[in-house]
Amino acid sequence: NFVSIVNQTQTSTSAAKAIEFEVNRGSYGVTVTQDSNGKYTQFVIPATGVYEFSLTIQVLDSGGGGSGQAVEIWKRVNGNDTAQTGRYLSITNSAAAAILATTYINSYTAGDIVQWMWSTNNTNVEFIANEKLDNWPISPSTKCVVTQLAYQGVQGASGATGTQGINGASGADGSQGA
C-alpha cells in the first residue's frame, strides 16, 4: 500500500512524468525505489509471479479552465511503455476533483521495475492531496495497492528413488494339454 501525500503537477504538456508514491503504508515484498530524479516512482518486483496493481488518483483542474482538460496514465516496465495499458480521464468541471481508479493484473519477472506514467493536455491539471482537517484525515493524491496473486516458488530437488520391493509368488501351473 503506497501513497503520495503531496500534490503532483506537470510542467509540460509534451512530456510524460512518473507518478510518485513516497509513503509506504505497509507492504510485503514489493518496494518502491527512487528514480533518476530522486522521486519514489519505481516498484521493484521481488519474485516472479502474477501481481495486481490497483491505482486511485485524485485529479483536479486547478486553473478554472472549464471542460476539455484531460489526463492519461499508463504502465512502464523496465523503461518501456506497455501497450494497451492507458487510462484516460476527461475533466468536465474545474470546480470538483475527479477520481481515476483502475486495476491491472499481469505476470512479472523478479527484478522487474514497474512505473506508472502520466501526461495531460493542460499544466493546470494536477493530482491533489487533501490536508488533514478537524473532522477527516489527510487523503493522498495517489494510492497504489500491490498484491501478489500467484507465485511459482523455487522447486526443490527430487527425492532419492526407493528400494525395489519383494518379488511376488509365482502363479500356479496351467493344466496339461491333450
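The values are calculated or read from the model by the stated rules, or taken from the named source; none is laboratory data. Since we're looking at a predicted model, the values are computed, not measured. Reconstructed Cβ throughout: ideal geometry from the backbone, glycine too, with neighbour counts over all protein chains shown. In case anyone asks, the SASA skips ligands and DNA or RNA and just uses the protein heavy atoms, side chains included. Shrake-Rupley method; radii C 1.70, N 1.55, O 1.52, S 1.80 Å.
What net charge do the residues around Ile105 carry, taking every other residue with its C-beta under 14 Å from that of Ile105, with Lys and Arg at +1 and Asp and Glu at -1?
Combined, the nearby Lys, Arg, Asp and Glu give 0.
Could you run the Karplus curve 6.51 cos²θ - 1.76 cosθ + 1.60 with θ = phi - 60° over region 158-170 and give me ³J(HN,Hα) per residue in whole Hz, x for Gly and Pro?
6, x, 5, 6, x, 6, 6, x, 6, 5, x, 5, 6
In nm, to one decimal, how far is the modelled label at Ala15 from the one at Ser62, with both set 7 Å along Cα→Cβ?
Calculated label separation equals 1.9 nm.
Treating cross-link reach as a plain straight distance, find the aspartates and glutamates whose alpha-carbon is under 14 Å from the alpha-carbon of Lys75, omitting any fewer than eight places away in the same chain.
Within reach: Glu20, Glu52, Asp112.
Where the centroid of each part is defined by its Cα atoms, how far is region 84-128 from region 24-73 in Å?
Value for the Cα centre distance between the two parts: 8 Å.
Mind checking the per residue accessible area of the chain for me, 1.4 Å probe, whole number of Å²?
Averaged over the residues of the chain, the accessible area is 59 Å².
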